[in-house]
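I have placed the structure first, in the form of structure tokens, so that the comments after it can refer back to it.
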Amino acid sequence: MIEQERLLQLGAWLEVNGAAVYGSTVWHTASEGPRVPTNLPYLRHDGIIPGTNQDNWIWTAHRDIPLIHYTRNGDTIFAFVLAWPREPVVLLAPRTTPDTTVKLLGRAAPLAWKPLADGGLSIEFPRLHPDDFPCRHVWTLELSGLANVSD
């Protein structure tokens, strides 16, 4: 039953973010941004399977990963954001032009953004109630009209 739930959740996520996955390739910058911790479960040395007994489920900060991950599909760059931001998201790798647009997949209106003096851009995420998020996990920005798509 839990496997079905996970597959349904993945399908719902792909329904919103599939353009950033299907037919996409790695961009010249794979990731950037502040590093965020991940929590990974571990088996105890006695081999007890996690989840069968909460006392044997050991959570520990194993490593950290960048907040932003990129893919490219044609002339469009997609930026996967691993945490919903409270402050503007700063992207240093993309280089903007006057034609640059930024959208949040699953939302119709473009997002407000401004170029940074040293390159890159700062993007304002909308203030939404969690029930209004376009998906539950990992939100995707669609960036078009960039100067360095194929660098």
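So which residues in the stretch 56-85 are modelled with pLDDT under 85 and either in a strand (DSSP E or B) or within 16 Å of Ser122 (Cβ to Cβ) (or both)?
Scanning the stretch 56-85 gives Ile58, Trp59, Thr60, Ala61, His62, Arg63, Asp64, Ile65, Pro66.
Give just the number: which of (1) in contact (Cβ under 8 Å) with a residue 40 or more places away in the chain; (2) closer than 17 Å to Val26 by Cβ does Ile65 not satisfy?
(1)
Anything in the stretch 117-145 that is over 25 Å from Glu15 (Cβ atoms) and touching a Ser or Thr at 6+ places or on another chain (Cβ under 6 Å)? List them, or say none.
Leu121, Gly145
Which ones in the stretch 139-148 are assigned to a loop (DSSP other than H, G, I, E, B) and of a type in the set (Gly, Ala, Ser)? Show your work before the answer.
At the first step, the residues of the stretch 139-148 found to be assigned to a loop (DSSP other than H, G, I, E, B) are 145-148.
Listed by number, the residues that qualify are Gly145, Ala147.
Restricting the search to the stretch 97-138, which residues are open to solvent by 20 Å² or more (accessible area, probe 1.4 Å) and outside any loop (DSSP other than H, G, I, E, B)?
Thr101, Lys103, Pro110, Trp113, Lys114, Pro115, Pro130, Asp131, Asp132
Name the single residue, out of those in the stretch 1-30 being among the polar types (S, T, N, Q), assigned to a helix (DSSP H, G or I) and open to solvent by 50 Å² or more (accessible area, probe 1.4 Å), that is nearest to Pro134 (Cα to Cα). It would help to see each step written out before you state the result.
Residues of the stretch 1-30 among the polar types (S, T, N, Q): 4, 9, 17, 24-25, 29.
Still in the list and also assigned to a helix (DSSP H, G or I): 4, 9, 17.
If we keep only those that are open to solvent by 50 Å² or more (accessible area, probe 1.4 Å) as well, we get 4, 9.
Details: Gln4: 21, Gln9: 13 Å.
Top of the filtered list is Gln9.
This table checks each residue for (1) under 26 Å from Tyr22 (Cα atoms); (2) in contact with a strand residue (DSSP E or B) (Cβ under 7 Å, 6 or more places away or on another chain).
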site: Asp99; (1), (2): yes, no
site: Ala109; (1), (2): yes, no
site: Pro115; (1), (2): no, yes
site: Ile123; (1), (2): yes, yes
site: Leu128; (1), (2): no, no
site: Pro134; (1), (2): yes, yes
site: His137; (1), (2): yes, no
site: Leu143; (1), (2): yes, yes
site: Asn148; (1), (2): yes, no
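Do we find that Asp46 is modelled with pLDDT of 90 or more, assigned to a loop (DSSP other than H, G, I, E, B), open to solvent by 40 Å² or more (accessible area, probe 1.4 Å) and among the acidic types (Asp, Glu) in this structure? Give the derivation first.
Values: modelled with pLDDT of 90 or more: no; assigned to a loop (DSSP other than H, G, I, E, B): yes; open to solvent by 40 Å² or more (accessible area, probe 1.4 Å): yes; among the acidic types (Asp, Glu): yes.
No.
Being in a loop (DSSP other than H, G, I, E, B), in contact (Cβ under 8 Å) with a residue 60 or more places away in the chain, more than 18 Å from Phe80 (Cβ to Cβ) and open to solvent by 40 Å² or more (accessible area, probe 1.4 Å) is the requirement here; does Asp151 meet it? Talk me through it step by step, then tell me what you get.
Values: in a loop (DSSP other than H, G, I, E, B): yes; in contact (Cβ under 8 Å) with a residue 60 or more places away in the chain: yes; more than 18 Å from Phe80 (Cβ to Cβ): yes; open to solvent by 40 Å² or more (accessible area, probe 1.4 Å): yes.
In short, yes.
If you check every pair at least six apart or on different chains, which have Cβ atoms under 9 Å apart with a residue in the stretch 10-23 that is farther than 18 Å from Ala108 by Cβ first and a residue that is among the small types (Gly, Ala, Ser) and open to solvent by less than 60 Å² (accessible area, probe 1.4 Å) second?
Gly23/Gly74
The values are calculated or read from the model by the stated rules, or taken from the named source; none is laboratory data. A quick note: this is a predicted structure, and the numbers were derived from the prediction, not measured. Heads up, the Cβs are rebuilt from the backbone with ideal geometry, glycines too, and the neighbour counts pull from every protein chain shown. Protein only, heavy atoms only, side chains kept; ligands, DNA and RNA dropped before computing areas. Shrake-Rupley method; radii C 1.70, N 1.55, O 1.52, S 1.80 Å.
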